[in-house]
Amino acid sequence: MKTQGTDHYVEAARRSAEWHRSHLEAMRKCRFDTIAVHGVYSMQESLDFNQGSIIEPIYMSTSQAYRDADEMEAALGYQIPTWCYSRIGNPSMYYLEGTLALLETYGTGLDATCCATSSGMAAIQSAVDPFLVVDPANPDQRINFVATSQVYGGTFQQFAIRKDQEKYIEWRKIRNSNDLNEWVSLIDENTRFLYGEMPSNPGQAFFDLEKVIELAHRKGIPMIVDATVATPALMRPLAWGADIVIHSISKTVTSSGFGIGGAVIARKHLVSKVGSDEMKTDFGTYIKLLPNRDNGPNISPFNAIMALNDLRTLRSKVDQFSRSTMKVAQYLRQHRHVEQVDYLGLDSHPLHPLAKKYLVLVDSEADELYGKPVNRFGHLMSFRVKGGGEAARKVFDGFNMIWRATDLGRIKSVATIPAISTHSQQGEEGRKLADIPPSLIRLCVGGEHSDDIIRDLERGFAALDGKVIPVSSPEYSAGGASSATLKR
């Protein structure tokens, strides 16, 4: 067999890359929903490589074969595109990553790349670890990062235990994320990045992202945003100047609950005082091909396709979930057994005016139902039950349709008590810092009709009045449910 030479494959890859760039440019001109449906998968690719398959195939193979030694050399030296081994990359992963990068940069003209990971926690680790390195010129320094304290419980543990306690990398906690002076006060020459979760899970913390980004860049450090709850259907932090966006795509993106995954989407040429030029130029590709190649946290092909298939209807789902959540929040804030409702969509929430600036349903101005920009505030909310933790447990145990689980962003409504579940490990002091009392129930509203969700909440509250409402009762009508009275 006559070998072609590595130059042959490099030239072929160059021509392919040119076609791919033109295809991406064409996709960028499409609306958000069209990008979500088609992504980076083209009809040409379908006909040339995938037997005409309309839907992206799942490439379950662990590794890629090469035509000869020259192609292998070029591929493994990263001179040409390759997926070589599914721990690093795979066509199924690429379809998801390309689509997420297009959605996060929608309407901005920005260029970004994505690295999909095995979970949201893997995405956080992948995003922050490359910056948490000691400057060789100052090896005795104690480096730090500044991040909001109102974060998901797993994030709290990763920062407080895995970073601060075990690796002696200081987490400087922001107590009030909307206080810019607090951010300023915690930054010094050893600060590696700023990090914020918005809206936060479960407390709905929020801050003026544009101002915090400007501060980060003035200090020469990147801004990293966990936008899991908002999704790119409501907020795209890169458009405001953020350097990196993190998602747990296990959540709203994969609303079916059939896949676990995370994503790191980074703009090209991000801001950082540390790291190589290669890292700063294309952070998403850098972590995928180098640190994540060695550490192994990238997503599996099957989970990538599960996420991609759910992603296609993201905007319409988020719109519906948000509208239902608003109705539920309005019901709860008037309930005699509810002490407080935390939902940014309520005009009574102190951060509501700020949230309106950032949380806007994408393309609502072009939607025939709206014809103008409309605010939507997502599917996650929390409420505090009068009477403390025991009262909250009684309400929680009374649900029949709302699932008791530590999940969120599902097509089915899900509730949890964070103090005894998602945030239990961070301890009482940590929960006080994050404002998560035992009386707080986190509710993620799904695709059911809001009237049925409210009926199930009423069934839970009935326990505080010493009542058990039979599922067949007129007070609890959830079409087709069993007529048996549930016993707690």
Taking interchain pairs and intrachain pairs at least six residues apart, which have beta carbon atoms under 9 angstrom, with the first residue in the stretch 188-209 and assigned by TED's automatic domain parsing to the domain that holds residue 221 and touching a residue at least 12 places away in the same chain (Cβ under 8 Å) and the second assigned to a loop (DSSP other than H, G, I, E, B) and acidic (Asp, Glu)?
190/135; 193/243; 203/435; 205/435; 207/179
Out of the stretch 253-296, which residues are in a loop (DSSP other than H, G, I, E, B), over 16 Å from the mean Cα position of the chain (by Cα) and within 19 Å of residue 83 (Cβ to Cβ)?
282, 290, 296
State whether the residues of the stretch 177-187 include one that is within 28 Å of residue 420 (Cα to Cα) and at pLDDT 95 or above.
yes
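May I ask you to list the residues in the stretch 77-92 that are of a type outside the set (S, T, N, Q) and closer than 16 Å to residue 5 by Cβ?
77, 80 - these are the residues of the stretch 77-92 that are of a type outside the set (S, T, N, Q) and closer than 16 Å to residue 5 by Cβ.
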Can we say residue 21 is of a type in the set (Lys, Arg) and without any contact (Cβ under 8 Å) to a residue 40 or more places away in the chain?
yes
Looking at the stretch 411-428 only, could you name the residues that are surrounded by fewer than 22 Cβ atoms within 10 Å (Cβ to Cβ) and either part of a loop (DSSP other than H, G, I, E, B) or not assigned by TED's automatic domain parsing to the domain that holds residue 438 (or both)?
411, 412, 421, 422
Tell me, which residue of the stretch 73-97 that is among the hydroxyl-bearing types (Ser, Thr, Tyr) and in a helix (DSSP H, G or I) is farthest from residue 296 (Cα to Cα)?
95
Given the conditions (1) of a type in the set (Val, Ile, Thr); (2) buried (at least 18 other Cβ atoms within 10 Å of the Cβ); (3) within 21 Å of residue 133 (Cα to Cα), and given that residue 213 satisfies all but one, which numbered condition is not satisfied?
(3)
Scan the helices (runs of 4 or more DSSP H) fully inside the stretch 1-66 and keep the ones with 2 or more residues being out of contact with any Lys or Arg (no Cβ under 9 Å at 6 or more places or on another chain).
6-28, 43-49
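The values are calculated or read from the model by the stated rules, or taken from the named source; none is laboratory data. The structure presented is a predicted model; accordingly, all values stated were derived computationally and were not measured. Note that each Cβ is placed from the backbone with ideal geometry, even for glycine, and that neighbours are counted across all protein chains shown.
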